[in-house]
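Below is one structure, written out as structure tokens, with a few remarks after it.
The values are calculated or read from the model by the stated rules, or taken from the named source; none is laboratory data. Treat the numbers as computed from the prediction; the structure is a model and nothing was measured. In this analysis, Cβ positions are derived from the backbone assuming ideal geometry, glycine residues included, and neighbour counts consider all displayed protein chains. Accessible surface is based on the protein model in full, side chains and every heavy atom, while ligands, DNA and RNA are left aside. Shrake-Rupley method; radii C 1.70, N 1.55, O 1.52, S 1.80 Å.
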Amino acid sequence: MIIRRQPRAPRRPQLLWLLAPFVLYLGALPFANRVDPVVLGLPFLFVWLLGATLLTPVAVWLTYRADRKRRTGRTGRRS
């Protein structure tokens with residue numbers, strides 16, 4: 001009997017950038033859920049969520065850029 005290996009799915013470590021918003025919103029929420037520290041007159045939790053919201057598009061852009069480089073073979077041309 002011949003055993004054929006299935007082709008491996010390509011590794012895409014750049015997708016780990018997409019975990020950053022999840023960790024910022026949910027993972028760190030119990031640690032940032034404070035009202036007492038005030039930053040620029042706003043509660044700390046509000047500032048934390050605002051920062052996470054602003055960093056989410058950056059994480060998506062970094063993932064897109066790295067995935068595009070992997071697809072094009074870092075030459076700038078699509079195959």
Checked pairs for the stretch 17-30, first in contact (Cβ under 8 Å) with a residue 12 or more places away in the chain and under 20 Å from R65 (Cα atoms), second part of a helix (DSSP H, G or I) and of a type in the set (S, T, N, Q), C-beta under 9 Å and 6 or more apart or across chains, list as W17/T63; L18/T63; A20/T56; P21/T53; P21/T56
| query | Restricting attention to the stretch 37-46, does a residue exist that is open to solvent by 80 Å² or more (accessible area, probe 1.4 Å), among the aromatic types (F, W, Y), part of a helix (DSSP H, G or I) and more than 29 Å from R68 (Cα to Cα)? | reply | yes
